[in-house]
Amino acid sequence: MSGGPIARLTGAVLVGATRLLVGGHARWQGCAPEPRQRIYFANHASHLDTVILWSALPPSLRRTTHPVAARDYWDRDPLRRHVARDVLGAVLVERRARRDPLGPCRAALAAGGSLILFPEGTRCGGAEPGAFKGGLHHLAREFPVVELVPVHLDNLSRAFPKGAILPAPIVCSATFGAPLGFDPAEPKHAFLERARSAVCALGRRIAT
Amino acid sequence: MIETLTILLGGVAGLLALASLAGWLLARRASSEEARALVANLNARIRAWWAMVAIFAVAFLVGKTLTIALFALTSFYALREFLSITPTRAEDHRAVAVSFYLFVPLQYWLIADGWQTLFQILIPVWAFLLLPVLAAIKGETDDFLARTARIQWALMLAVFCISHAPALLLLHIPGFEGRNFLLLFFLIAVVQLSDVLQYVFGKLLGRHQVAPRVSPAKTWEGLVGGGLAATAVGAALWWITPFTPAEAGALAFAIVASGFAGGLVLSAVKRSLGAKDWGAMIEGHGGVLDRMDSVSFAAPVFFHLVNYFFAA
């Protein structure tokens, strides 16, 4: 976060509105909110996901944690650009890039930051997250010291389904699970499926 | 009226001070693990009571607009809690959003405006007819009746019923002009005191559960002891109301009985949805609805009894 006074104000408004509308509190189940370098990866159901996961982190961690977000959505108007760049400190990637889309993520990790990643790529309407894309695997292999923390965002597809104009005030929460181990010998698709089921398992634990 | 209200709020603060003192003494004496947990919960409840009383005291003393706004916010959070643990679908989003963004503000605006006829039919008639249309347009028929009913129930309990408490400010009672805040105080004091006293009597004497599967904490001993004590306090408060002591006692009894019914019914709803508490907003108490469940039944009953027998 570049942290000017306007950005700090926008950030406070954003967190306040999130708390009022959807709560968005964190449940730290498998790990604690510590200042370690991490990739938080979560299911993706709505446009609010980025803001909710970011708001669920304690303020000290927000400063060093960068959501990975699609440039074609966040670069569309000055307000979104301001929120993405100055408030969230987002890493904007090209979804349909000919160049390497992971470049900005690598740069953020190399600079010591943490990432928020939605490995499904696009929002999925269903109850269970869709298949994970390969980016998480590449980053995990190239940065073995970074912890991989699964996060499940709950209720978001109800609060802000695809195509809705306004989010409905339904309480959402972010559940943080235990960090995932990485083994370079494990095949890519097996790792991605294991990461996906770690996120799903956190969701099922809430339902019971 | 302000002097009476100040005396009453001072009395409530005195009661809470006693409760805090008792909680502090109990915390020093608790020896077993179980007793410590119980006392810790009790003290969390007392602290939350201080906060809630402070918020309502400020609203009451500032006036009508802030009080109505405070109840609107209460309804907003109650509705949010209800719909959060209710299985709606993405197709219900429009009906849910309209409930929050249109019907909550409109209902309380009608009360602030004094439009009594429309405030009484807005949700039972207009929302009842409009919301299923919004869901039907989406074309999803699975579980349609149940989904529609859930949203309607949420709106009726969290908004319509609770809004009858501030609606007491609308009533014109001959010879009682300008003092309607005291009616609101009477309602809230009797409902909440009845809840607290039922809890205390239940913890001290409770043996026989009323409906163990619905609400294990509710016992006959708690209901009778706490209910009678709250009724007696209500009768003793007759001097702040337009009622005679006997009428005040009878109305307090109606509040206690309907409040108990509200607690029971909402507990059944909550458990049918698989939850123990409505939320975690108020420390020690659970959610807003855990505190407002009895108000949601008692407020309309008290409003209509007073309106029928006393209002011009």
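The values are calculated or read from the model by the stated rules, or taken from the named source; none is laboratory data. Quick caveat, the model's predicted, so the values are computed rather than measured. Heads up, the Cβs are rebuilt from the backbone with ideal geometry, glycines too, and the neighbour counts pull from every protein chain shown. Calculation scope for accessible area: heavy atoms of the full protein, side chains included, ligands and nucleic acids excluded. Shrake-Rupley method; radii C 1.70, N 1.55, O 1.52, S 1.80 Å.
Across peptide B:97-104, the mean count of Cβ atoms from other chains lying within 10 Å of each residue's own Cβ comes to 3.
Of all DSSP bridge pairs formed entirely within the protein assembly as shown, close to 25 percent run antiparallel. Shown here is the pair-distance distribution of the range B:32-89: with all Cα-Cα distances grouped in 10 Å bins from zero up to the longest one, the shares run 20, 28, 30, 20, 3 percent. Rg then Dmax, both in Å and based on the Cα atoms of the range A:12-58: 11.3, 30.
What is the projected area of the convex hull of the Cα atoms of the range B:170-312, averaged over all directions, in nm²? Write out the running numbers ahead of the final one.
On the way: hull surface 35.5 nm².
About 8.9 nm², averaged over all directions.
Kirkwood hydrodynamic radius of the range B:93-242, from the reciprocal of the average inverse Cα-Cα distance over all distinct pairs: 18.3 Å. Solvent-accessible area of A:Arg194, all protein chains in place: 80 Å² (probe radius 1.4 Å, heavy atoms, ligands and nucleic acids excluded).
Compute the convex hull volume of the Cα atoms of the protein assembly as shown, divide it by the residue count, and report the result per residue in Å³ as a whole number. Taking the convex hull of the Cα positions in the protein assembly as shown, it is 181 Å³ per residue.
Kindly identify chain B as rounded, prolate or oblate by the Cα gyration tensor criterion: order the square roots of the eigenvalues as a ≥ b ≥ c, call it rounded if a/c is under 1.5, otherwise compare a/b with b/c, prolate if a/b is larger, else oblate.
On the way: a/c = 1.82, a/b = 1.18, b/c = 1.54.
Taking the square roots of the gyration eigenvalues as a ≥ b ≥ c, chain B is oblate.
Within the range B:87-196, which chymotrypsin sites (Phe, Trp or Tyr not before Pro) sit in a loop by DSSP and count at most 14 neighbouring Cβ atoms inside 10 Å? Those satisfying the criteria are B:Trp115. The candidates A:Ser157, A:Ser46, arranged from most to least accessible area with a 1.4 Å probe in the full protein assembly, appear as A:Ser157, A:Ser46. The modelled label-to-label distance between B:Val58 and B:Gln116, using points 7 Å beyond Cα along the C-beta direction, is 3.2 nm.
Taking all protein chains as shown and a probe of 1.4 angstrom, B:Ser20 keeps an accessible surface of around 40 Å².
Starting from the Cα-Cα distance between B:Ala275 and B:Val125, subtract it from 0.36 nm times their residue separation and give me the gain in nm to one decimal. Walk me through the numbers before you get to the answer.
Details: separation 150, 0.36 × 150 = 54.00 nm, distance 3.00 nm.
Separation in residues times 0.36 nm, less the Cα-Cα distance, equals 51.0 nm.
For the range A:1-106, trypsin sites (Lys or Arg not before Pro) are listed when DSSP marks them as loop and at most 16 other Cβ atoms sit within 10 Å of their Cβ; the list is A:Arg36, A:Arg63, A:Arg76, A:Arg95, A:Arg96, A:Arg98, A:Arg99. Run the Debye formula on the Cα coordinates of chain A, all scatterers equal and no solvent, and tell me log10 I(q)/I(0) at q = 0.07, 0.08, 0.11, 0.19 1/Å. The Cα Debye sum returns log10 ratios of -0.18, -0.24, -0.47, -1.62. A probe of 1.4 angstrom, applied to the heavy atoms of all protein chains, finds A:Lys133 with accessible area near 120 square angstrom.
Within the range B:216-312, report the GluC sites (Glu not before Pro) that DSSP leaves as loop and that have at most 16 other Cβ atoms within 10 Å. Present the calculation step by step, with values, prior to reporting the outcome.
Working: sites: B:Glu221, B:Glu247, B:Glu283; in loops: B:Glu283.
Here the GluC sites (Glu not before Pro) that fit, given the DSSP loop and packing criteria, are B:Glu283.
The count of lysine pairs in the protein assembly as shown that are at least 8 places apart or cross chains, and whose C-alpha atoms lie under 29 Å apart, stands at 10. Summarising the label geometry, the points placed 7 Å from Cα in the beta-carbon direction at A:Glu186 and B:Leu26 lie 4.9 nm from one another. Taking every residue in A:159-172 and counting other chain Cβ atoms within 10 Å of its Cβ, the average works out to 6. Of all DSSP bridge pairs formed entirely within the range A:5-207, close to 20 percent run antiparallel.
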